[in-house]
Amino acid sequence: RRPVFLDCDTGIDDAVALAYLLASPSIELVGVGTVSGNIDSATAARNTLDLLALAGRTDIPVAVGAHDHLSHGYGGGATHVHGENGIGGVTLPTATRAPEDASAVDLLLELSHRHAGDLHLLTIGPVTNIALALAADPSLPERISGVTAMGGAALCAGNITPVAEANIANDPEAAATMLDAAWDITLVPLDVTMEHTLGEEDREALLASANPFTRAVGEMLDHYFDFYRPIYGERGCALHDPLAAAIAVGDGVTATRAPRVPVIVDTTSGPGRGQTIADLRGQRPRPRDHDGVRTRIVLEVDRPLGPHLVDTLTR
Ligand code: BDR
Ligand code: CA
């Protein structure tokens, strides 16, 4: 089983991604770091610990990461999307377990040594912890087998500004640092995540599950569906983080169009701040100077994630 480290800001769709990872037999979730984004990093860790306890997975270490981003403080989260507690107002049984004493950065570095060469890094929040880990130990990429990151918008509108996606815009400098590092990155942007949804029937199937984590996911989605209703014209939601998780796992959904192109992040202070600029000219016969580019940006996958996700969470 391939070891995976998850960095997240739990978060409703983060919780769905976590449920999917736990239900995926080909990977082993070996650690979780949290970062402020949807909610502050300490609450994200609390949510993650409570969800893991619900799944009976108290063996997976959870470490609190950065509260503030590289260039600015935590902005108060996305409670209109994810609820006041980050998980749609759902109250979970409180896990007795506390987060690790180590920070998310230290946990990631430690696990990168323990699983050197094998550890896959999956990021589904702002990547502040990853930038801090690279600063603390620039040799980290040598021990990471690959990175899958939910973030960005290549050819579509943003979701937090007209051009920027939330995970990137919450810490553009950190995202630029991650994209510059010497590792293979698969970036999963809004272009593709917005195409994958769950609807009311799926939610009912989750609520009917015997698995308490799956039922909790069904409850949380109620709040998430309210947010997405005006966007899709009916109750439902986008599967941002679950799609990145599924691509990282590689069992059910495969990227069919994922060009390897340079992606830069706008770190200026103007209206473009946080935009991901993917040089898709590289899909035409490409200039040689694109050689060495290690970022793929996912633009299409082979099947809808929704049915596979519901199947995985309810079996
Ligand atoms: C991303 O932002 C967060 O709100 C979601 O959890 C997801 O990681 C989508 O832009
Ligand atoms: Ca997230």
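Each reported figure results from applying straightforward, stated rules to the coordinates on display, with no laboratory input. Please read all numbers here as calculations on a predicted model, not as lab measurements. Cβ: placed from backbone, ideal geometry, glycine included. Neighbour counts: every protein chain shown.
What to note about this one:
- Karplus-derived 3J(HN,Hα) values for segment 249-263, using 6.51 cos²θ - 1.76 cosθ + 1.60 with θ = phi - 60°, are 5, x, 8, x, 10, 10, 6, 9, 9, 8, x, 8, 9, x, 10 Hz; glycine and proline are entered as x.
- The chain - charge dipole about Cα centre, Lys and Arg +1 at Cβ, Asp and Glu -1, debye rounded to 20: 660 debye
- Residues Y224, Y232, Y74, arranged from fewest to most other Cβ atoms within 10 angstrom of their Cβ, appear as Y232, Y74, Y224.
- Exposure proxy ranking, count of Cβ atoms within 10 Å, fewest first, for L221, L313: L313, L221
- Where only alpha carbons of the chain are counted, the Rg and the Dmax (Å): 17.9, 57
- Two-decimal log10 I(q)/I(0) for segment 81-162, as the Debye equation yields it once each C-alpha is a single scatterer, q = 0.15, 0.17, 0.22, 0.27 Å⁻¹: -0.79, -0.92, -1.08, -1.25
- Looking at the chain alone, DSSP beta bridges between its own residues are antiparallel in about 25 percent of cases.
- Per-residue ³J(HN,Hα) for segment 152-159, Karplus 6.51 cos²θ - 1.76 cosθ + 1.60, θ = phi - 60°, Hz, x for Gly and Pro: x, 8, 8, 10, 10, 5, x, 10
- Largest first, the extents of the alpha carbon coordinates of segment 60-196 on the three principal axes equal 42, 38, 30 Å.
- A dipole drawn for the chain from +1 and -1 charges on Cβ atoms has a positive end, and of V64, T94, V30 the residue lying farthest that way is V30.
- Percentage relative contact order, the chain, counting C-alpha pairs under 8 Å, at least six apart: 20 percent
- For the chain, with +1 on Lys and Arg beta carbons and -1 on Asp and Glu, the positive-most of L190, V105, N167 along the dipole: L190
- Contact order relative to length of segment 202-289, as percent, for alpha carbon pairs under 8 angstrom and 6 or more apart: 13 percent
- Positive dipole terminus of segment 192-315, leading residue within Y228, G252, P212 (C-beta point charges): G252
- In segment 228-285, the trypsin sites (Lys or Arg not before Pro) that fall in loop regions by DSSP, at most 13 other Cβ within 10 Å: none
- Residues whose amide H falls under 5 Å from that of I39, counting only those 5 or more places apart or on a different chain, are A78, with hydrogens built in the peptide plane.
- Tail beyond 21 Å, pair distance distribution of segment 190-257 (Cα, percent): 30 percent
- Full extension of the segment from E300 to E28, taken as 0.36 nm per residue of separation minus the current Cα-Cα distance, would add 95.3 nm.
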